[in-house]
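Only the coordinates and a few stated rules stand behind these numbers; no lab work does. Predicted, not measured: the structure shown is a model, and the values here were computed from it. Methodologically, a virtual Cβ is constructed for each residue, glycine included, from the backbone with ideal geometry; neighbour enumeration extends over all protein chains shown.
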Amino acid sequence: MLRTAVRSTTLRPLSLRLTTSSSVLAHQFKPARFYSTPSSSGNNNKNSKTDTTNENKSTSGKEEGHSKHFYPLLFLGLAAVGATYFSLNSTSKPPKAAVDPQHHSVQKALYSPSEVDVIFVLGGPGSGKGTQCAKLVSQYGFVHLSAGDLLRAEQNKPGSEVGELIKNYIKEGLIVPQEITIGLLKDAIVENFNKGNKKFLIDGFPRKMDQAVSFEQLIVQSKSVLYFECTEKIMLDRLLERGKTSGRIDDNVESIKKRFRTFTDTSYPVIEKFNEEGKVIKVFCGDPVDKVYSHVVDELKKRSIVE
Ligand SMILES: Nc1ncnc2c1ncn2[C@@H]1O[C@H](COP(=O)(O)OP(=O)(O)O)[C@@H](O)[C@H]1O
Ligand SMILES: O=c1ccn([C@@H]2O[C@H](COP(=O)(O)OP(=O)(O)O)[C@@H](O)[C@H]2O)c(=O)[nH]1
């Protein structure tokens, strides 16, 4: 049964797939946030302390200090030039901002909503997000980016430094740290945008408030949120059935229970936030696939998102 766009704050849960490689992992996120690398500032402070001492000792000490600094400074200079060159060549549309969720308050989004249409497709596990996205792609030419699919592709990439981490999060039904997922999404959006694609269905993301805030500040503001409202019973039955052939490590009762809990506790508040912004289009998931789809299309037409 179709529910119309929901503007009240009374949304209640009846009980949240990407396909490109992610160069961004290598140069933007990994070192700072996932691994505790020793802080370089600590070393710099140590060096400057030593140098101050030398400076106080004698002029020759000062000169010695300068020559000691020459090679490190030269190295840093070359590194900066190299990084700038790499960054300018990594996308054909120069990004307006780097993806750095830690500093997003001072950064501009990569795209404006007039350049790129993003519809988030949300709902509990097994609510039919992927199924409905596939239909919208074939009829309306959206690009479908499934955060879960992108994470699984990264997980299976030989030599991925975050593959094992992703696997553990997925098995436990937990939300993979946003830096990884947003990095994968950014790569996929930029790649598609550069091929002329401007309409995106982002499936299964954002599932946590930090992801929602970072994505909209750093990549682009979403246009709408398609939310598939579902009961846990319907979702459980579907996931167990899907689990017979999906090969997914999380389509089993134990992981499913954890995923339900994560949805209710962590992901649902994100849908409520978008609801308060008047962006949510709620569609009941429990009808047959084609009926659900016709409700989706009706609602998208009403909002002139499709024709
Ligand atoms: N409306 C529906 N009625 C019955 N089964 C469905 C319906 N929508 C999806 N399914 C099936 O339920 C399972 C979960 O759907 P899927 O689209 O993979 O969900 P999600 O992407 O939300 O996890 C799949 O096996 C799919 O074929
Ligand atoms: O933004 C995301 C999307 C997915 N996932 C992980 O990927 C799993 C599977 O998500 P997917 O959307 O593929 O499947 P669903 O649970 O909706 O069936 C989730 O349980 C999470 O562990 C995540 O961490 N962040």
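As a quick test, which of the pairs Lys208/Lys302; Lys171/Lys199; Lys223/Lys282; Lys186/Lys258; Lys108/Lys135; Lys157/Lys273 have an alpha carbon distance above 24 angstrom in this structure?
Working: Lys208/Lys302 28 Å; Lys171/Lys199 31 Å; Lys223/Lys282 14 Å; Lys186/Lys258 28 Å; Lys108/Lys135 33 Å; Lys157/Lys273 34 Å.
From Lys208/Lys302; Lys171/Lys199; Lys223/Lys282; Lys186/Lys258; Lys108/Lys135; Lys157/Lys273, over 24 Å: Lys208/Lys302; Lys171/Lys199; Lys186/Lys258; Lys108/Lys135; Lys157/Lys273.
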Order of 201-207, 301-307, 252-258 by packing, highest average Cβ count within 10 Å first?
201-207, 252-258, 301-307
Would you order Val176, Val213, Val190 from fewest to most other beta-carbon atoms within 10 Å of each residue's own beta-carbon?
Val213, Val190, Val176
What is the order of Lys167, Lys129, fewest Cβ neighbours within 10 Å to most?
Lys167, Lys129
For segment 127-137, take each phi angle, set θ = phi - 60°, evaluate the Karplus expression 6.51 cos²θ - 1.76 cosθ + 1.60, and give the result in whole Hz per residue in order, putting x for glycine and proline.
6, x, 4, x, 4, 6, 4, 4, 5, 5, 5
Quick calc, segment 117-302, dipole around Cα centre from Cβ unit charges on Lys, Arg (+) and Asp, Glu (-), nearest 20 debye, gives 340 debye
Listed residues Val253, Thr264, Phe284: farthest to the positive end of the dipole of segment 203-307 (Cβ charges):
Val253
Label-point separation, Tyr140 to Asn197 (7 Å along Cα→Cβ), nm:
1.5 nm
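Please order Arg248, Arg152, Arg261 by the number of other Cβ within 10 Å, starting at the fewest.
Numbers: Arg248 15, Arg152 22, Arg261 12.
Going from least to most buried by this count: Arg261, Arg248, Arg152.
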Over segment 155-307, what is the relative contact order in percent, taking alpha-carbon pairs closer than 8 angstrom and at least six residues apart?
27 percent
